[in-house]
Each structure stands twice: as C-alpha cells, then as structure tokens.
Amino acid sequence: VRVDKTVVVGGGIIGLCSALALQRAGLPTILLAPERGSAPASFGNAGHIAIEQAEPLASWQTIRSAPRRLTIAGGALGLPPGQIRHWLPFALRLARAAAPTRYADGKAALSVLLAEAMPAWQRLAGSLPRRDLLIERGHIVVWHDPRAAERGLAAWRRTDIGTARFRPASTGECRDLGQAMARPPAGAIIFDNTAQVVDPGIVSAMLEQAFVAAGGERRIGRVRRLALAGTEAVLTTETGDTLQPRALLIAAGVESGALFRPLGIRVPIIAERGYHIQAAGHRWPDLPPVVFEERSMIVTRFESGLRAASFVEFGTLAAPPDPRRWQRLEHHVADLGLPVATPFTRWMGARPTLPDYLPAIGRVRQATNLFYAFGHQHLGMTLGPVTGELVAALLAGQPTTLPLGPYALDRFG
Ligand SMILES: Cc1cc2nc3c(=O)[nH]c(=O)nc-3n(C[C@H](O)[C@H](O)[C@H](O)COP(=O)(O)OP(=O)(O)OC[C@H]3O[C@@H](n4cnc5c(N)ncnc54)[C@H](O)[C@@H]3O)c2cc1C
C-alpha cells in the first residue's frame, strides 16, 4: 500500500524526537513501533544529558584501559566469550577508528553535535506541557580513594569536555555529599551546565502524547523486513501489512542493522548492553546525577525512583542477561551505604553502537525514500532532540544546521 506519509520505525528517544519534529515541520508522520514500555534503551538509561562526553570512545585510551576495565578485573567492561564472533570484528573496527586522523575527525563531528544538544533539548522541553522534563543543574563525579580522586581530577582536566564546565568540589561540599552515603567522598568535581531528564519513562510518554496532539499517527507494530520496489523502499510488518511510504526513517536502535541487511547494506552495529537496578523507595537527597567513577556507576534520582546504572557488555540484544551484573550493582549500592528502602527492579538493554562511536544520520543511496537515525551509543538521551531537528530538516529538503557527511552510513564502506 502506498502511503503519502513519512513512516518512522522505532519508538525510542530517537524515533520519538524525529517523529515529533517531522510532524511539527508539516510532514504527516506515522510512528511505527511496539508498545511503549517494551523497555528499549531509551527507558532504561541514566537520564544524564552528557554534553561533556565530546571525546569519542573509539580511542587509544579506551583500548589501552580495556584490560583493567574488564569485569574479571572488577570493572564494568564485559566481553563474554560466547559473544566473541560479535565483539571481535567490532573491536578491530574500533581500533581502526581510533587511528589519529579518524579520531580527530570523529571528535570534531561528535563535538558539534554535542554543542547543539543542550539548546535543542531546551527548545524541545520548552515546547512540551511539562516544563520540568529537563532539569538543568549539572552532575557530580565522585571518588572515595584519595589517589583515585587526584588521578581522576587530573584526567578530567586533560579531557576535551566540549561546551561543558566543571570545578573541583570543596571539602564542605564533599562532606555534604557524604550525607547521601556511608562515608564522604575523598574528592569530587561538579559540572554546572549539564543536565538530567526528570524520568526517561515520562520523557517517552510526553513525546508520544505531543506527537499525537500534533496530528501524528501512532501505530503499534514491528517491521519484519525491508525490500526494494524499483527505486523505493517498502516495509512489511510482522502482521503482514506492506507499506510503501513517501519517506521511511529507520530509528530502531540496535535492531536497525538487521533491517538494512536485505538491501545489501551492512551496518557494523553492536549491542553495548547496560544494566540498571531501581528502587521506588529511598531517602536519597535531591541531588543531580552522581557518577561513582571508581565503580563506573551512575546514580540518578528519577520521579519513579532511584536508579543505579553501569556496565558495557558487548554482544547481541537477544542473549540472556547476566544476573551477576545486577548483583554487582546491588553490592555497590550496599557498600556505598546509599539510602534505599525498597527492593530493586532489574533491567538490561542495549546501547546501539557503531565502531567509531558516531551516530548514523542520513539517507541511503539504494532507495530514494529511505533515511536513518540510529547508533547514538552512550548519548541517545542527550542527542535525541538535536537528531530530531536534523532529521526533520533533511526529510523536508531543507538545509541542515550541521553538515551530515560525518554521520553517513557509507563511511563503513
Ligand atoms: C544503562 C544505560 C545507561 C545510559 N545512560 C545514558 C545517559 O545517561 N545519557 C544518554 O544520553 N544516553 C544514555 N544511554 C544511551 C541511550 O539510552 C541510547 O543511546 C538511546 O536510548 C538509543 O535510543 P534509540 O531510540 O536509538 O534506541 P532504543 O531506545 O533502543 O529504541 C529502539 C526502538 O526501536 C524499536 N524497534 C526495534 N526494532 C524494530 C522493528 N523491527 N520494528 C519497529 N520497531 C522496532 C524498539 O522497540 C524501540 O522502540 C544509556 C544506555 C544504557 C543501556
């Protein structure tokens, strides 16, 4: 069936921001995704608007530090032996992307996106009924070991943090932070112009409501496959419907790669799986997100409860979760003495990651109506609104505020 509308596939933060921006730009849009609450990464993340992460993780620093970050060494990096056929080719591509010139280009491309991320978030949040979706009061990084604090501060001073700003916390501020845990940190730094969202679940609900209120059409379902009909892409849903839309945007997170395969487009995406635990009842003070850097764990107070998130485990989304990750998070929370009063719920989901840690935003050459926006790795919540704005301009045939060349999928050959 031909539809004279744009179809957006995927109801995570990227699909939602894109669908809303398209609909508001005057392009009638259908959002096709499973029901909300199907727990994609956009639900389970740490909610941190991380404009400070301007250095792509495809770097020699990442590679050098990998052995001591492994879970078997007590760290947060999981390379499960059973998943080696997925992560080994990815690691080799990552190493190539970490070469000095590619790294420098990647950093420039990520930095310009991140520089636009907060203004885009402010525009989006300001346009929605609930103005407190975006809480602009920075975030905090803490260390409990004095030497780790010294090294950590020095490392942050060497890091390119884009448009973000930080300062070391005073002794008094560290003492105050200590009220939220068994013992005060030995050192901390305070970022003042980063942010958090009020709750990822609420963000998704608000975006979906705004999309429908703007006249957008929400369809519950999944795409089974894409195919070409002449020069146009056609999708078939799992219930057997076939749609040939005016424009088709694939924003299906880590599952985007599989959708492109039948068209002969190989996408080297990997599931970078993360875990969280969350307690509805807690006495955690009203603090911005706190990163416990020695434990690679971030704790965020959301409207729905206190969430602790960590781990990067490379493989497939479909592989069963490893319960030891949740146990480790629970151990961290107990060991730090965080004031949690109710049992934890447990979640696992996947960051959609490409080997150079840049997203893919653009259009494919193989079909005249086929576009994509996925691969936002650790930064999807941060980059959702700016991605939506870029996608809307691209599909409307208008100039984009940033050149999209660096994010084109054909960079992978
Ligand atoms: C533990 C953890 C913590 C994180 N913390 C942060 C953070 O603090 N800040 C930050 O900026 N980012 C963070 N991230 C990263 C962020 O969550 C992701 O980058 C982002 O959610 C990706 O959004 P997405 O819309 O591309 O994908 P997803 O959220 O995975 O959504 C994909 C959507 O596509 C749908 N879909 C898939 N296949 C199909 C199909 N065939 N047909 C139809 N629909 C389909 C899915 O059902 C889903 O609705 C974190 C991630 C994790 C795992």
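Computed from the coordinates by the stated procedures, all read-outs in this text should not be read as laboratory data. It should be emphasised that the depicted structure is a prediction, and the values quoted were computed from it without experimental measurement. Positions of Cβ are generated from backbone atoms using ideal geometry, with glycine treated the same way; all protein chains shown enter the neighbour counts.
So here's what we get for this one:
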{"read-out": "Candidates per GluC sites (Glu not before Pro) in region 92-192, loop by DSSP, up to 16 other Cβ within 10 Å", "value": "GLU136"}
{"read-out": "Estimated translational D of region 1-156 in µm²/s (Stokes, Kirkwood radius over Cα pairs; 37 °C; 0.692 mPa s)", "value": "169"}
{"read-out": "Where only C-alpha atoms are counted, convex hull volume of region 252-340 per residue in Å³", "value": "122"}
{"read-out": "Dmax and Rg, reported as Rg then Dmax, of region 343-413 (C-alpha, Å)", "value": "14.3, 51"}
{"read-out": "Label point distance in nm, THR242-ALA73, each placed 7 Å from Cα along Cα→Cβ", "value": "5.4"}
{"read-out": "Fewest-first sequence of TRP347, TRP121 by Cβ atoms within 10 Å of each Cβ", "value": "TRP347, TRP121"}
{"read-out": "Label-point gap, in nm, between GLU173 and ASP145 - each point 7 angstrom along Cα→Cβ", "value": "2.4"}
{"read-out": "Equivalent ellipsoid, region 139-253 (semi-axes from 5 times Cα gyration tensor eigenvalues, Å)", "value": "49, 18, 14"}
{"read-out": "Cα radius of gyration and Dmax for region 100-147 (Å)", "value": "16.5, 46"}
{"read-out": "Percentage relative contact order, region 147-268, counting C-alpha pairs under 8 Å, at least six apart", "value": "14"}
{"read-out": "Using a Förster distance of 51 Å, the FRET efficiency for GLN61-THR400 (Cβ separation, nearest 0.05)", "value": "0.95"}
{"read-out": "Calculated Rg and Dmax of region 183-231 using C-alpha coordinates, Å", "value": "20.9, 66"}
{"read-out": "Pairwise label distance in nanometres, ALA182 with ARG365, each label 7 Å out on the Cα-Cβ vector", "value": "5.9"}
{"read-out": "Residue-span extension gain [ALA155 to ARG346] - 0.36 nm each, minus C-alpha spacing", "value": "65.6 nm"}
{"read-out": "Region 5-76: C-alpha gyration tensor shape, a/c 1.5 cut-off, then a/b vs b/c", "value": "prolate"}
{"read-out": "Largest to smallest principal axis extent of the C-alpha atoms in region 79-166, angstrom", "value": "46, 36, 32"}
{"read-out": "Overall Cα dimensions of the chain - principal axes, largest extent first, Å", "value": "65, 45, 38"}
{"read-out": "Residue-count net charge about THR194 - beta-carbon cut-off 10 Å; Lys, Arg +1, Asp, Glu -1", "value": "-1"}
